[in-house]
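Step one of this worksheet: look at the structure below.
The values are calculated or read from the model by the stated rules, or taken from the named source; none is laboratory data. Remember, predicted model here, so these are calculated numbers, not experimental data. Virtual Cβ from ideal backbone geometry, glycine too; neighbours counted across all protein chains shown. Side chains included, ligands, DNA and RNA excluded: accessible areas come from the protein's heavy atoms. Shrake-Rupley method; radii C 1.70, N 1.55, O 1.52, S 1.80 Å.
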Amino acid sequence: MPLPDFSAPLISAASGLIGVAIGGFITSRNQKKERRQRFIRDQLTEFYAPLLGMRDRLRASGEIRLKVRNAAGAEWPRLVEEARERGMEHLREMEEKRWPAFEKIIEDDNRKLEAEYIPLYRQMLDLFTSKMHLAEPSTRQHLGALVEFVELWERCLRGALPGEVVARIGPDEENLSAFYADLEANFTRLQEGLKE
């Protein structure tokens, strides 16, 4: 009586186990890739895009503010010179009539700073701290600069910093330039990584 051949069932069982192992490996790899992509999407939509949006809004408002200030700074001396050429009485009359409109530019800038811009920086800081788990390590390094900027401005607005101290330590948005550059770089890199 010949011995039964067990090689066929063993080969079949081994093939099945290998197939299951390969399938499990591929599934695990795909799930890991999907989790990574979901995390990148969360980073983009919940952290980097909102921060950049706020930054771009502040930058655009600053550009408009500068444009208005430059135009007013050029126009006021022209009006003064024209009125002066017509005599001191015309100068006084022009200043009484026209200065309030120019003064409103300054008042409006100050109002917007307190009511819109600094609260938007505060919103950036709040988003940063609440979504820090989505920030790249290079971005987290800049939290201190943002905290300092917001804190100094809030102290200025409360009148809790003498002018001499403000002149010495800021607040200065230039201190946030590295933070803004990091946001842009990580946003671009993450977007490209998501496309791949």
Practice task
Tell me, yes or no, whether segment 8-25 has at least one residue that is open to solvent by less than 100 Å² (accessible area, probe 1.4 Å), among the hydroxyl-bearing types (Ser, Thr, Tyr) and at pLDDT 95 or above.
Solution key: no
Practice task
Enumerate the helices (runs of 4 or more DSSP H) found wholly within segment 121-183, keeping only those where 2 or more residues are charged (D, E, K, R).
Solution key: 143-158, 163-169
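Take the residues in segment 141-196 that are among the hydroxyl-bearing types (Ser, Thr, Tyr) and open to solvent by 30 Å² or more (accessible area, probe 1.4 Å); name whichever of them is nearest to residue 38 (Cα to Cα).
188
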Exercise for the section: Evaluate segment 45-58: report whether one residue or more is open to solvent by 60 Å² or more (accessible area, probe 1.4 Å) and basic (Lys, Arg). Expected result: yes
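Residue under question is residue 40, and the condition is that it be out of contact with any Pro (no Cβ under 8 Å at 6 or more places or on another chain) and surrounded by 13 or more Cβ atoms within 10 Å (Cβ to Cβ); does it hold? Lay out the reasoning, then the answer.
Working: out of contact with any Pro (no Cβ under 8 Å at 6 or more places or on another chain): yes; surrounded by 13 or more Cβ atoms within 10 Å (Cβ to Cβ): yes.
Yes.
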Exercise for the section: Within segment 145-196, count every residue that is out of contact with any His (no Cβ under 7 Å at 6 or more places or on another chain), of a type in the set (D, E, K, R) and in contact (Cβ under 8 Å) with a residue 24 or more places away in the chain. Expected result: 4
Practice task
Return only the number of the condition from (1) within 22 Å of residue 158 (Cβ to Cβ); (2) free of Cβ contacts under 8 Å to residues at least 40 places away in the same chain that residue 112 does not satisfy.
Solution key: (2)
